[in-house]
1. Since residue 86 meets every condition but one in (1) touching a strand residue (DSSP E or B) at 6+ places or on another chain (Cβ under 8 Å); (2) touching a residue at least 60 places away in the same chain (Cβ under 8 Å); (3) more than 25 Å from residue 174 (Cα to Cα), which condition does it not meet?
2. Return yes or no: is residue 338 in contact (Cβ under 8 Å) with a residue 12 or more places away in the chain, within 23 Å of residue 230 (Cα to Cα) and either part of a loop (DSSP other than H, G, I, E, B) or touching a helix residue (DSSP H, G or I) at 6+ places or on another chain (Cβ under 8 Å) (or both)?
3. State the number of residues belonging to the stretch 248-279 that are in contact (Cβ under 8 Å) with a residue 60 or more places away in the chain and either more than 20 Å from residue 317 (Cα to Cα) or assigned to a loop (DSSP other than H, G, I, E, B) (or both).
4. Output the helices (runs of 4 or more DSSP H) that fall wholly within the stretch 1-80 and possess 3 or more residues being surrounded by 14 or more Cβ atoms within 10 Å (Cβ to Cβ), or say none.
5. Could you give me the residue pairs with C-beta distances under 7 Å whose first residue belongs to the stretch 37-58 and is in contact (Cβ under 8 Å) with a residue 60 or more places away in the chain, whose second residue is crowded, with 17+ Cβ neighbours inside 10 Å wherever it lies, and which are 6+ apart or on separate chains?
6. Which count do you get for residues in the stretch 130-155 that are assigned to a loop (DSSP other than H, G, I, E, B), touching a strand residue (DSSP E or B) at 6+ places or on another chain (Cβ under 9 Å) and modelled with pLDDT under 85?
7. Looking only at the stretch 270-285, how many residues end up being more than 9 Å from residue 243 (Cα to Cα) and touching a strand residue (DSSP E or B) at 6+ places or on another chain (Cβ under 7 Å)?
8. Test of understanding: among 11, 101, 95, which residue is within 17 Å of residue 152 (Cα to Cα), touching a strand residue (DSSP E or B) at 6+ places or on another chain (Cβ under 8 Å) and touching a residue at least 60 places away in the same chain (Cβ under 8 Å)?
C-alpha cells in the first residue's frame, strides 16, 4: 500500500514553500494530501482538502470567519477544524505521517492538529518559533520540531535546503517505521523520579528476570511524564502500570510546578488495565529556585535539590488529603488494583537521618488511604523504605499476580 503524507499549511501566506515541500516528498515516490488552513487570500495552489472543508468540520463558514474580524477566534476555529480533518484522514487510513511549515500562528494551527494523532504517527513541524519554550506546541506528544532558522517568506537557496531536509526526514520516518508485528511485546508503564530511581531500577531488573512476555517503559514523573503515560494508556499503548511514583499528585494538590493535572491516576482505572500504585515522592512538592517559592509557604521544610529546583516537605494535613484523593481514584478502577506502601519512607529524602524523614506524615497518608478505600482494592504495607530491595521485590510479585 502506498504511504501517504499529509501536508498541512496556510496556502495563502506559505503556499510557495508548501508546494516545494510537496514536490520534494513526491520525488521520493510518496503520495501527499495537502490540507489548506489559510482563510484570507486565495491559495497559492489547489489543495486536496480546501479551507472550506476544514471550517465545515467545525460547522463554520470561511466567509463568516473573515467577516468576524477576530483573528484569535479564526485561528482557534481553523485549528479545531484541521484537527478534525486530520483525525478523519487517519481513521480512513489516508495518513501515515504529517508535516507542516509555519510561523507562530501556522505552528499553533498545525501542532494542534498533530496533537490529535496517536503516538507513533510521524509528525514534523518546521517552524520559526522553536528556539524558546515550545511546551505549548508539543504538549506531551511525539512532535518533532525543526527550526527554520530564517523566517518563511518565499523560496531561496537557504530555506530550500531546510525544506528539503524536512521532506527527507518525514519520508525517512515512515520508511523506517518498525512493524507492528507479533514480535512486539506489550508495554508496562513504570513511573520514576530522581528520588525513586533506585527502586525503579530494581523493579525493572526483577520484572525482566521474572517476566519474558512484556517490556518496561519508564515515565519521568515531572508533569509531562504523567500526562504522557495517561494518554498512552487511553490509546491502548500501555497494558499495565507499576505506578509507584505518584509525586505529581502532591504538586497538583499543593500548587507545585510538576503537576500532571487533575486527571492523573485515572486512565488505568478507566481502561481496566492492572495497576500497582505506590506513594513514591509524595513527601515532596516541586518548585523552581528558592526565591520562586510562594511566600505563603514561609516556615515550611525545604531542600535545594539543585540551584534551579527546590522541594518542600508535604505536611500531615496534605498527606491526609492525598490519601483520600488517591483512594477515590482507585475505588473507581474497573481493573485489578494493588496499593503498595513502604512504611519507612517514600523517597531518598524521606529516610532515617535525611531532611524529609517524617513517620507521622507517612502514617497519616496510609491511614487516610485505607480509611477511604473500598474493599476491592488490595493494600500491602511493607516494613521497609521505598528504595530497599524488599519493596521492589514485593511490588514485582504483587504486580505479576494481577497481570
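1. (3)
2. Working: in contact (Cβ under 8 Å) with a residue 12 or more places away in the chain: yes; within 23 Å of residue 230 (Cα to Cα): yes; either part of a loop (DSSP other than H, G, I, E, B) or touching a helix residue (DSSP H, G or I) at 6+ places or on another chain (Cβ under 8 Å) (or both): yes.
It is true that residue 338 is in contact (Cβ under 8 Å) with a residue 12 or more places away in the chain, within 23 Å of residue 230 (Cα to Cα) and either part of a loop (DSSP other than H, G, I, E, B) or touching a helix residue (DSSP H, G or I) at 6+ places or on another chain (Cβ under 8 Å) (or both).
3. Qualifying residue count for the region: 14.
4. Correct list: 15-26, 51-56.
5. Within 7 Å, the pairs are 37/8; 37/9; 37/10; 37/51; 37/54; 37/78; 37/82; 37/109.
6. Number satisfying all stated conditions: 4.
7. Total meeting the criteria: 5.
8. Criteria check complete, one pass: 101.
The values are calculated or read from the model by the stated rules, or taken from the named source; none is laboratory data. Note that this is a predicted model, so its numbers are computed, not measured. Cβ: placed from backbone, ideal geometry, glycine included. Neighbour counts: every protein chain shown.
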